[in-house]
Amino acid sequence: QDEVCTQRIVAAKQKLGKRAIILAHHYQRADVYRHADLTGDSLKLSYLAAQTDADFLVFCGVHFMAEVADILSSPEQTVILPDLSAGCSMADMANLTKVERAWRELTEVLDPDEGVTPVTYINSSADLKAFCGQHGGIVCTSSNAVKILQWAFDRREKVLFFPDQHLGRWSGYKMGLSSDEMPVWDFDEPMGGLTPEQIEKAKILLWKGHCSVHQMFQPQHILRFRNQYPDGLVISHPECSFEVCKASDFVGSTEYIINTIRAAKAGTRWLVGTELNLVGRIAEEFKSEGKIIQFMSPMVCMCSTMARIDPQHLAWSLENLAEGRVVNQISVPEPQASLARLTLEKMLEVSK
Ligand code: CIZ
Ligand code: SF4
């Protein structure tokens, strides 16, 4: 079965030649990842792909990533998501209806001169990026969240941050904010379930969203590791809970995690709190340098939606392209696409 799929993928790729490139996110499963022409985090992949003259960008990642690739690529390029059901459960925790309601409620009670800036994590649908663009807001990634929040605070007093409360809280903490200044906005309740006093005190209103993969890591996993290996180092993604981030030696994005371990001394031992496919891959890659890399949880923490992009779906979409049929195209409509592009460009400008 695997062998057959691999042959189908290789044959279709050969037929397509330079017209198609395959992009794979760090969290992608190994049997798909190995067919990739470009690998990286979502933003890096989109920029690299847009610089090529490939007609088809086959994105092995989740829906919001394919949207970003469509937004940043040229109009002549077509973005394909091999399985349309590959979504991100965190991105799905915020939708335009809920965000607009929160926005209405907040702007009614806040002084417009002081006001609030909407900031969305890149893990969100294109219409939310467009919403931020329309309301003086901005996008951030897990690498630049602190810088982006600083930019927002230079303009207005408060931030509405969605969809990931953990990235928002960790970034706010690094900027010196207290927990009172970062209440959670429960989007199922009127006024986020907050009292006027809580809103008055708030600097960052944290959307009640999270990543179901990263929430599995626990402080006791770190404690156990430290007891066993006092010299070991712990590195986590900021989508992990505050307690996990606080107990780690390093916290950062997927690119940061890879680069930090790459730059570390031979013989070091690492406990890594992010998606299993990435951790398994770097454990293998850095073994030859004598680095020992362990996964943080005793459970299997995989991005199950991203894993829906399997060799079968990849083979199917490539074969269709090779036969001249475009399947599973991701195309962000106007005016959202232009608004979202401007907002992403603003982010790059600010985070330089
Ligand atoms: O933007 C990305 O690729 C994600 C989801 C995480 C990261 O830290 O790179
Ligand atoms: Fe979304 Fe979590 Fe998967 Fe990242 S790991 S794509 S945040 S569900």
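Throughout, read-outs are computed from the coordinates displayed, never taken from laboratory work. These figures come from a predicted structure and were not determined experimentally. Here the Cβ is made from the backbone with ideal geometry for all residues, glycine too, and neighbour counts use every protein chain on show.
With charges only on Cβ, +1 for K and R and -1 for D and E, what is the dipole size of the range 38-101 about its Cα centre, in debye, rounded to 20?
On the way: 3 positive and 9 negative charges, 58 e Å.
Value, rounded to 20: 280 debye.
Show me the GluC sites (Glu not before Pro) within the range 277-334 that DSSP assigns to loop and that have at most 12 other Cβ atoms within 10 Å of their Cβ. Provide the component values of the computation, followed by the final result.
On the way: sites: E284, E285, E289, E319, E323; in loops: E289, E323.
Those that pass, being in a loop and sparsely packed, are E323.
Can you give me the relative contact order of the range 214-295 as a percent, contacts being Cα pairs under 8 Å and 6 or more apart?
29 percent
Charges on Cβ only, +1 for Lys and Arg, -1 for Asp and Glu, centred on the Cα centroid of the range 91-211; of Y121, N144, W103, which one is farthest towards the dipole's positive end?
N144
Per the helix-only calculation at 222 nm, which mean residue ellipticity applies to the chain, given -39500 (n - 2.57) for every DSSP H run of n ≥ 4 and division by its residues, nearest 500 deg cm²/dmol?
-12500 deg cm²/dmol, from helical runs alone.
Between the range 250-325 and the range 30-65, what is the separation of their alpha carbon centroids in Å?
Using only Cα atoms to place each centre, the spacing works out to 15 Å.
Neighbouring Cβ atoms within 10 Å as the yardstick, rank C240, C5, C211 fewest first.
The order, fewest Cβ neighbours first, is C5, C211, C240.
How big is the charge dipole of the range 214-295 about its Cα centre, in debye rounded to the nearest 20, if each Lys and Arg gets +1 on its Cβ and each Asp and Glu gets -1 on its Cβ?
Values: 9 positive and 9 negative charges, 53 e Å.
About 260 debye.
Report the Cα centroid-to-centroid distance between the range 117-187 and the range 217-232 in angstrom, as an integer.
Distance between centres, Cα-based: 30 Å.
If amide hydrogens are placed 1.01 Å from N in the peptide plane, which non-local residues have theirs closer than 5 Å to the one on L160?
T117, V119, L205
Give the long-range amide H neighbours of S236: residues separated by 5 or more places, or on another chain, with amide H under 5 Å away, using H modelled in the peptide plane at 1.01 Å from N.
It is F250, V251, G252, G273, by chain and number.
Once you charge only the Cβ atoms, +1 for Lys and Arg and -1 for Asp and Glu, what is the size of the charge dipole of the range 91-211 about its Cα centre, to the nearest 20 debye? Don't skip to the answer; put the middle values down first.
Details: 13 positive and 18 negative charges, 103 e Å.
Once rounded to the nearest 20, the dipole reads 500 debye.
Which lysines does K174 reach when only Cα atoms under 16 Å apart count, and residues fewer than 8 places away in its own chain are ignored?
Output for K174: K147, K203, K246.
Sort I292, I309, I261 so that the residue with the fewest other Cβ atoms within 10 Å of its own Cβ comes first and the one with the most comes last. Mind dumping the intermediate values first?
Values: I292 14, I309 26, I261 21.
Fewest to most other Cβ atoms nearby, the residues stand as I292, I261, I309.
Mind checking which helices in the chain clear 15 Å along their axis (Cα) and have mean Kyte-Doolittle hydropathy of 1.0 or more, DSSP H runs only?
none
Would you pull out the residues with amide H under 5 Å of I330's amide H, same chain only if 5 or more places away, H placed 1.01 Å from N?
Close amide H contacts, sequence-distant or interchain: V79, I80, L81.
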